[in-house]
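Worksheet: the structure to be examined is printed underneath.
Each value in this text was obtained by applying a stated rule to the coordinates, not by laboratory testing. All of these numbers come straight from a predicted model, not from anything done at the bench. Backbone-built Cβ (ideal geometry, glycine too); neighbour counts: all protein chains shown.
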Amino acid sequence: MANDDHDPAFADLEQRIRAAKQKGEPVGEGDGTDPDRPKLNFGTGLTVGIELVVGVVAGVGIGLALDSWLETRPFLTILLFLLGTAAGMLNAWRHLVRIGMVDPKGDGGGRQGRGPD
Amino acid sequence: MADPLHQFSITPLVPINVAGLDLSFTQSALWMMITVGTAYALVMVGSRQAALIPGRLQSVVELAYEFIAGLIKDNAGREGMRFFPAIFTLFMFILFGNMLGLIPMAFTFTSHIIVTFAMAITVFVLITVLGFVLHGSHFLHFFVPAGAPKAMIPLLVPIEIISYCVRPISLSVRLFVNMMAGHMMLKVFAGFIAALGFFGFAPLAVTVALLGFEVVVAFLQAYIFTVLTCIYLHDAIHMH
């Protein structure tokens, strides 16, 4: 509607939206009250858990397979366990960034690193 | 009480054995066919009339179309729309598989990791091939994080490669775990209804609530699988 701009009810709409967003900002703790991201908060814990576990399990699996193939047990298992753990954490982190629970630019992650956006 | 895991056992309906290979037509395959048939029927019947003012079925089909189109545009960009048919099919297959599996006595094929893994690995291989087709060997730069110091690259590249290669595993495990856990929980609580006699109303109430919850999970898991496919598609098309 074109005349919405002149409607007094809409006059400070942008300001109100901004204020509401700012109020909802410290949702890094995942209390699920942020209107911007209600859909993916659900099941986030399980998803992050799966990412972490899959990274470790896949790393160890690849390590064991390579070790038995190259007969280097246990060095590659240990190495790939560490790399797999890091990969799992990376995937979990990326998932959290994707759903907007952490800010990738923040140095410590979570709320304290958030800049004005 | 009934075994909560019994519902996941595969039973062959038409035993077929070819050169020692068990290719039997199972109830899992039957439910996949029912899923494909139902989704196909909905889309075909819904889009048959193509009326300017849509009826109920046409509205459902249009909603599904717009939902997936929006999902692709938001997550994979406009270039991703080339893959709309594949992603729409994937979403409808998982959604209908999950939803039909909630009908009592039905079989949920998405609660089997081999099914979800087959879908995830297909998505993974096709997207990786697409990445190489679009970018050639430059696609390998995907594994080098932008702006990383040179000294860190030998450490970061293996981590990036593992994190890329576990995508089909996490994608398939997420769907399978959610479906299996939900159905197991339903079965456990439903088993208490008869066992508790008069007090069975309490587990009955929990089962009803869980069933409602499972409907949400069924949709949500189809949605998450599709969103992640779109995000991976975005990575292959645009890199980083």
Can you give the angle from 0 to 90° between the axis of helix B:201-238 and the longest principal axis of chain B, with both taken from C-alpha atoms, to the nearest 10? 20 degrees
Please give the contour-minus-distance gain from B:S24 to B:M81: 0.36 nm per residue of separation, less the Cα-Cα distance, rounded to one decimal in nm. 16.8 nm
What is the mean projected area of the alpha carbon convex hull for chain B, to one decimal in square nanometres? 18.8 nm²
At a Förster distance of 35 Å, what's the computed FRET efficiency of B:L42 paired with B:A194, Cβ-Cβ distance as r, to 0.05? 0.50
So who's got an amide H within less than 5 Å of the one on B:F25, skipping anything under 5 residues away but keeping other chains? H placed 1.01 Å off N, in plane. B:L13, B:V14, B:I16
Quick one: check the C-alpha center-to-center distance for region B:8-48 versus region B:119-139, whole angstrom. 28 Å
Among B:174-187, B:119-132, how do they line up from the highest to the lowest mean number of other beta-carbon atoms within 10 Å? B:174-187, B:119-132
Which whole-Hz ³J(HN,Hα) couplings does region B:129-137 yield from phi under the Karplus relation 6.51 cos²θ - 1.76 cosθ + 1.60, θ = phi - 60°, glycine and proline marked x? 4, 4, x, 6, 5, 6, 10, x, 6
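I need the per residue convex hull volume for the protein assembly as shown, using only the alpha carbons, in cubic angstrom as a whole number.
Dividing the Cα hull volume of the protein assembly as shown by its residue count gives 245 Å³.
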Hey, what do the phi angles of region B:77-88 turn into as Karplus ³J(HN,Hα) couplings, whole Hz, using 6.51/-1.76/1.60 and θ = phi - 60°, x for Gly and Pro? x, 4, 5, x, 5, 4, 9, 3, x, 5, 6, 4
Between A:V60 and B:L155, what FRET efficiency comes out of the Förster formula 1/(1 + (r/R0)^6) with R0 = 25 Å and r the beta carbon distance, rounded to 0.05? 0.85
At 7 Å along the Cα-to-beta-carbon direction for both B:L220 and A:R94, put a label point, then send me their distance in nm to one decimal. 2.3 nm
Ranked A:E71, B:E160, B:E79, criterion: other C-beta atoms within 10 Å, fewest first: A:E71, B:E79, B:E160
Skipping prolines and chain starts, which residues have an amide H placed within reach, meaning under 5 Å, of the one on A:D103, given they are 5 or more residues away or on another chain? A:G110
Residue by residue through region A:51-59, what is 3J(HN,Hα) from phi via Karplus (6.51 cos²θ - 1.76 cosθ + 1.60, θ = phi - 60°)? Round to whole Hz and write x for glycine and proline. 4, 5, 5, 4, x, 5, 4, 5, x
Could you work out the helix-only [θ] at 222 nm for chain B, with each DSSP H run of four or more residues adding -39,500 (n - 2.57) and the total divided by the number of residues, to the nearest 500 deg cm²/dmol? -23500 deg cm²/dmol
Relative contact order [Cα under 8 Å, 6+ residues apart], region B:1-115, whole percent: 25 percent
Cross-link table A:K23/B:K73; A:K23/B:K187; A:K105/B:K150, entries beyond 31 Å C-alpha to C-alpha: A:K23/B:K187
Relative contact order of region B:67-166: what whole-number percent is it, with Cα pairs under 8 angstrom and at least 6 residues apart? 11 percent
